[in-house]
Amino acid sequence: MKAEAVPTVRRREMSRDLAVCGLFAALIAIGAFVKVVIPAGADTINFTLQWFFVLLAAFLLGSKRAFLSVGVYLAIGLLGVPVFARGGGPAYIIRPTFGFLLGFAAAAFAAGKICEVRRTLRPSVLAAASFAAYLLYYGAGMIYFYLIMRFVASQPVGWGAVFMVYCMPTMFPDIILCVLAAAAARRLRPVVRPFLEEYGENR
């Protein structure tokens, strides 16, 4: 490849990555509006389709692009665009449930990295990636919720209450979304492969 062609190729790759990440950021945002409101003590929690699109991004795009997709989504929401389940804006950072949104980023990177390392979208690899992402997602959500309630809201809450009230209602539905995302990824990977750099073959 000629030296003068390298910047052009890089610009083309960057444009492609931005377009793909923007698309998945939009899908995650759309997923926030497809929700079921669940009563949780004196408050409510939302079961949405965001988790499905976060995992799909990880399986199809890999760790870096998936992480960037979630990062773009979070940045747009924190700037004030109402793309979160309960609106948007910088004040969202001190909401106890914001940790689950941060968990999306960690989960997307981890799941994508596992698929990259294993270089396959076999069901066993997708299951392992989903499990790791699932633990990070709920772990980040629980820790952030606990810290905000204790040190910002000055309302100490026990770990058991956080788990039972704010995690349990959505944990099983999110497992179903893991299965659906894995199935969708195996079908969609051959379609998106021509537009992305290969990080593994479906076997």
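No value in this document is a laboratory result; all are computed from the given coordinates. Owing to the predicted nature of the structure, the values given are computational and were not obtained by experimental measurement. Cβ coordinates were reconstructed from backbone atoms using ideal geometry, including for glycine residues, and neighbour counts include every protein chain displayed.
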Return one number: the angle in degrees, 0 to 90 and rounded to the nearest 10, between the long axis of the Cα atoms of helix 63-78 and the longest principal axis of the Cα atoms of the chain. 50 degrees
ARG86 and THR44 label points (each 7 Å along its Cα→Cβ direction) are spaced in nm at 1.1 nm
Can you give the angle from 0 to 90° between the axis of helix 50-61 and the longest principal axis of the chain, with both taken from C-alpha atoms, to the nearest 10? 20 degrees
Given the C-alpha centroids of the stretch 42-102 and the stretch 144-169, what is the distance between them in whole angstrom? 19 Å
Can you give me the angle between helix 5-33 and the longest principal axis of the chain, using Cα atoms only, in degrees from 0 to 90, rounded to the nearest 10? 30 degrees
Computed FRET efficiency, Cβ-Cβ of SER154 and ALA127, R0 41 Å: what is it to the nearest 0.05? 0.50
What percent do you get for the relative contact order of the chain when only Cα pairs under 8 Å and 6+ apart count? 22 percent
What FRET efficiency, computed as 1/(1 + (r/R0)^6) with R0 = 30 Å and r the Cβ-Cβ distance, is obtained for VAL34 and ALA75, rounded to the nearest 0.05? 0.90
With a ≥ b ≥ c from the Cα gyration tensor eigenvalues, square-rooted, and the rule rounded for a/c under 1.5, otherwise prolate when a/b > b/c and oblate otherwise, the stretch 53-180 is oblate
